[in-house]
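These notes are about the structure you will find just below.
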Amino acid sequence: MGINEKEKTPVIEFKDFGFQYFSQAEPTLHDINLTINKGEKVLLVGPSGSGKSTLGHCLNGLIPFSYKGEISGSLKIMGQETKEMDIFRLSKMVGTVLQDSDGQFIGLTVGEDVAFALENDCVGLEKMRETVQRVTDIVDMGQLLKSSPYELSGGQKQRVSFAGVMVDDVDILLFDEPLANLDPATGKTAIDLIDRVWRDQEKTVIIIEHRLEDVLYRDVDRVIVVSDGRITADMSPDDLMAADILPSLGIREPLYVTALKYAGIKVTPEMHAGRLDTLDLDRIREPLLLWNRSQVKKERPAERTAILSADHISFQYTKKRKILQDISFSIREGEMVSIVGTNGAGKSTLAKVICGFVKEDEGTLYYSGEDMSDWTIKERSVKIGYVMQNPNQMICKPMIYDEVALGLRIRGVPEEEIEPKVDKALKICGLSPFKKWPVSALSFGQKKRVTIASVLVMEPQILILDEPTAGQDYHHYTEIMEFLKSLNSQGVTIIMITHDMHLMLEYTPHAIVISGGKKIGDASAVDILTDEDIAERANLKVTSLYELAVKTGIDDPSAFVQNFIDYERGTRHNEVEAV
Amino acid sequence: MKSKLFDYIDRDNFVYNLSGLTKLLAFVCFTFSVMFSYDIRYILFVLVLSFCFFRISEISFRQIRTMLIYVAVFLLLNFCLTYLFSPQYGTEIYGTTHELFRFNGRYTVTLEQILYQVTKILKYASGIPLGMIFLLTTNPSEFAASMNRIGVSYKAAYALALTLRYFPDMIRDYQDISLAQQSRGLDLSKKEKLGTRVKNIMNIFVPLIFTTLDRIELISNAMDLRGFGKHKKRTWYAGKPLGRNDYLVMLFAAAVLAGSICVSVFVNGSRFYNPFV
């Protein structure tokens, strides 16, 4: 790599740096010693609450400008102590692309949003137009200057925020979870774009992200692992894969690396496992093939009766554009199903049709064979519970107990019957100890469980969840998904709307793929994620396990992926039992 | 859809292409001229003008239907209350009494009272379309730019523009939250008693407020990071340089205002036009 050979000029230097929020009893960061050199591309990983976002805030000046606290030690950016600078001067050195590109869209059009920093610098109109055009061309958005944020896809919005920080000609680019709201294929393009800008414009790039595998799809100089407010590792991706520190921290390592480990292969730095492209296949081929052959095919459970089926459903808001076209499917009792597809493909609308929020124009929905056409929202809600993506959008009572009891109280259930039901729902969701707590004391993941409990309390047969794991790190993701799995084993049919491929692969044997309002796939998740055609049309990505299998010449790559999933379920099951 | 209520839709016509500053000044001038004068002839003239502008701006009726209903209710209420509380105000102003018919002494219907009240209604009726034109044909950011240009602090102007800009988002949030709560059994339809309905709506507002607060934190961080508030001044990407039409319209608006004052001073000798003497 050319960058490493150049002489090293430090642009970011943490020395014995620590930070404590005024609102918290303990410091969030301790003894940070870290140097990042000019032109480096660094990935910052860590579980939620590890302090990696706080570290990012220290770099861009949100700490101490917006989030107050006590700083110890020193942080120099481009040789200047940050304590002595204000956020404005810092923002000329460090450009930040925030996680939620929707919420940070300030302007009313692309051009205006990109120009925001220039406006604040009192740049004249002529010069402003010129710069905006130049920068938006770099991110391929130059043709869309007049578009409003509502007309853009998630990936495009991110490009706009990217351009918005590049107008300042900053030396350091900081990306705060750039993949969080993107579907897999768009995420891949985003990483490509970051890589291109890093090479062409010679910037220093820092990416904060927990989707390690997706970032490592392109070159990264170093990975810095943060946990409990300290730096636990600072090494090249190849070394990191060999070091075996990620799983213990609750960070997911790339799936293909996990597969190697399952096959009993000792990963060493010489294997170059940092990227699948660089992986030394000769060393791993034999043991991997051996492992694959030794796996026993699992019996598939017998199919049960259909609980929810759709017969040629179509829906449109306006005459011009059909949101859903001729969708038929059948979901069986006790299944765990994922509905996947790009943003705007119609998957949320499908959920709305099922819940009765909007009425289908054509076709019929059946619940256990019964026509649901005349059912009101309220009637459907007895059978089908709906959990929104953002728990803050659902919780309306200050106390957990009241929140969970709300649905029953509305239905006029007598108070003495409510309490045992609420207790049961809280117990299932692992919230019994918090029964008398206020909602505000809970973490995001716990709030999510409160919303699930408040729906479960009404004892629905089907639970629909919109992006149940969005914004969760691997640890919380596993926690939520294992919980849903246990609910499922108690007989609740679970339908998840998602674009998380890991979730699909590991937890939902059945996946329905929607693209452009049409159903383009309805099969097992393994089949879908090993089908390059469907994956491409639905903006998914073929799993790296499949690629690994193809590269090593395994005869039936899909079967290999299935073996991996079965093996993983087996080990995880044992872990859970051991606990 | 409801969320279209305050949505700015870009169109290409005479009114849309005017600068926000021009529209703001014209709106102020026209409104002031009808508020100042009680001459029904002049008010009718402005009313016709404002309807003309309305036509030119190509605002669709659907966009303003809800607003119109509120305005109509307000005007009707205003009309009735004026009569209820000061049924003889017309006589007082114009100094004559032309009785039409009488119920009792106080509520005698006079031509003067009718003229007074009709004039008042027309005042509102001519001002409101102009306000709507201004709101619906001005890009919120450009609106902020115009406010800033006539001396309002840019921070205040931007805050206002952001509110307008996020209003549709909030309505969308409201709809989403409302659906999720309805699926938990919350009844917002007219079947429910008013008291319960109000309580149920509260259950939507609490999450709405929290989601909005999240939004605000995010946006204000994003703005800080990109240097908002660094200088005393800022420039505007969306600001339109004033063109020939802008100056013409401003001149015309000023003339209308001047006309209103002239009519009062030279023709009527007071703010009232008195056909009864």
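Count neighbours as other Cβ atoms within 10 Å of each site's Cβ, and list the trypsin sites (Lys or Arg not before Pro) in region A:482-534 that are DSSP loop with at most 15 such neighbours.
Sparse-neighbourhood loop trypsin sites (Lys or Arg not before Pro): none present.
Assuming a viscosity of 0.890 mPa s and a temperature of 25 °C, what translational diffusion coefficient in µm² per second does Stokes-Einstein assign to region B:135-240, Rh being the Kirkwood radius over Cα pairs? Before the final figure, lay out the partial values.
Details: Rh = 16.3 Å.
In µm²/s, the coefficient is 151.
From the P(r) of region A:107-254, can you give the percent of Cα pairs sitting at distances over 21 Å? Roughly 50 percent, once rounded to a whole number. Straightening the chain between A:D402 and A:D140 buys 89.3 nm, computed as 0.36 nm per residue apart minus the Cα-Cα spacing. Between 0 and 90 degrees, the angle of helix B:111-137 with respect to the longest Cα principal axis of chain B falls at about 30 degrees. Extents of the protein assembly as shown, largest first, come to 111, 70, 51 Å (Cα atoms, principal axes, whole angstrom).
How large is the convex hull of the C-alpha atoms of region B:199-250 per residue, in Å³?
170 Å³
Taking GluC sites (Glu not before Pro) as exposed when DSSP calls them loop (any state but H, G, I, E, B) and at most 14 other Cβ atoms lie within 10 Å, what is the longest stretch of chain A free of them, the sites themselves excluded? Longest run free of exposed loop sites: A:304-579. Considering all C-alpha pairs of region A:22-66, those separated by over 14 Å amount to 60%. Spatial offset of region A:402-430 relative to region A:516-530 amounts to 38 Å, using the alpha carbon center of each.
Against the empirical 2.2 N^0.38 Å (N residues), chain B has a Cα radius of gyration ratio of 1.26.
Please get the size of the charge dipole for the protein assembly as shown, origin at its Cα centre, with Cβ charges of +1 on Lys and Arg and -1 on Asp and Glu, quoted in debye to the nearest 20.
Roughly 3660 debye for the protein assembly as shown.
When only the Cβ of Lys, Arg, Asp and Glu is charged (+1, +1, -1, -1), the dipole of region B:152-237 relative to its Cα centre reaches about 360 debye. Secondary-structure-derived ellipticity at 222 nm for chain B, considering helices only, amounts to -23000 deg cm²/dmol, per-run term -39500 (n - 2.57) for DSSP H runs with n ≥ 4.
Mean per-residue shielding of peptide B:167-180 is 3, counting Cβ atoms of other chains within 10 Å of each Cβ. The loop-placed chymotrypsin sites (Phe, Trp or Tyr not before Pro) in region A:216-325, going by DSSP, that have at most 12 neighbouring Cβ atoms within 10 Å of their Cβ come out as A:Y317. Taking only the C-alpha atoms of region A:1-115, the Rg (one decimal) and the largest Cα-Cα distance, Dmax (whole number), read 15.6, 45 Å. Exceedance of the 24 Å cut-off in Cα-Cα distance is limited, within the set A:K352/A:K447; A:K427/B:K199; A:K447/A:K485; A:K38/A:K157; A:K347/B:K193, to A:K427/B:K199; A:K38/A:K157; A:K347/B:K193. Counted by Cβ distance under 14 Å from B:S19, the other residues give a net charge of +2, where Lys and Arg count +1 and Asp and Glu count -1.
Of all DSSP beta bridges located in the protein assembly as shown, what percent are antiparallel, nearest 5? In the protein assembly as shown, DSSP labels about 55 percent of beta bridges as antiparallel. Taking label positions 7 Å along the Cα-Cβ direction at both A:E416 and A:D556, the computed distance is 6.0 nm, reported to one decimal. Ordering A:T478, B:I121, B:F51 by Cα displacement along the dipole of the protein assembly as shown toward the positive end leaves B:I121 in first place; charges were set at the Cβ atoms of Lys, Arg (+1) and Asp, Glu (-1).
Ordering B:S86, B:Y16, B:C262 by Cα displacement along the dipole of chain B toward the positive end leaves B:Y16 in first place; charges were set at the Cβ atoms of Lys, Arg (+1) and Asp, Glu (-1).
Placing unit charges on each Cβ (+1 for Lys and Arg, -1 for Asp and Glu) gives the protein assembly as shown a dipole about its Cα centre, and among A:S101, A:G142, B:L68 the Cα reaching farthest toward its positive end belongs to B:L68. With 27 Å as the limit, the listed pairs A:K383/A:K424; A:K146/A:K448; A:K322/B:K240; A:K68/A:K127 have A:K146/A:K448; A:K322/B:K240; A:K68/A:K127 beyond it between alpha carbons.
Estimated purely from DSSP H runs of n ≥ 4, each contributing -39500 (n - 2.57), the mean residue ellipticity at 222 nm for chain A is -11500 deg cm²/dmol once divided by its residues.
Contact order normalised by length for region B:152-237, with contacts defined as Cα pairs under 8 Å and 6 or more residues apart; what percent is it?
Contact order relative to length: 35 percent.
Just so you know, all these numbers are worked out from the coordinates, no wet-lab data involved. No experiment lies behind these values; they were computed from the predicted model shown. Don't worry about glycine lacking a Cβ; one is built from the backbone with ideal geometry, like all the others, and counts go over all protein chains shown.
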